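Since every read-out is calculated from the coordinates, none of them should be taken as a lab result. Everything numeric in this text was worked out from a predicted model, so none of it was measured. All Cβ positions, even for glycine, are placed from backbone atoms using ideal geometry, and neighbour counts span all protein chains on display.
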Amino acid sequence: MGEPKDEREKFQEELIGLDPHDPETKAFAEHLDRMKRERPGFTVEGYLDGVRDFADSANRTTGHRRMLAVVVVGLILLGVILTIWFALGDIITIIF
């Protein structure tokens, strides 16, 4: 009753009439799996799953959406670098 279904049985109703060996059908099944996946909320694992989903989505997209994802990641990295720079400056000021 509570046993997990394998990949073919999980989305059988949504994939009726589609070739199970077709790459587009497999991609659609993966999309359905991502949509219905339950991840732990408010935990480090949940946040990291969200980052992984963002990275996978950014790698699949092209054009202006990919550039927007690169800009978002660049701004995040810039914020981290500035935070570390100012923290190191404060630490060096306190020590010397």
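Which of these values of Cα extents along the principal axes in Å was calculated from the structure shown: [x] 41, 24, 19; [y] 48, 35, 21; [z] 71, 39, 16?
[z]
Residue farthest toward the positive end of the dipole of the chain, with Cβ of Lys/Arg at +1 and Asp/Glu at -1: which of GLY50, VAL71, PRO20?
So the residue we want is VAL71.
Select from the chain the helices, each a whole stretch of DSSP H, whose alpha-carbon atoms run 30 Å or more along the helix axis and whose Kyte-Doolittle mean is at least 1.0; answer none if there are none.
64-95
Suppose each label sits 7 Å from its Cα in the direction of the beta carbon; what would the THR93-ASN59 distance come out to in nanometres?
About 4.1 nm, to one decimal.
Let's test the formula: R0 of 25 Å, r as the Cβ-Cβ distance of LEU75 and ARG37. What FRET efficiency results, to the nearest 0.05?
Computed FRET efficiency for LEU75 and ARG37 comes out at 0.35.
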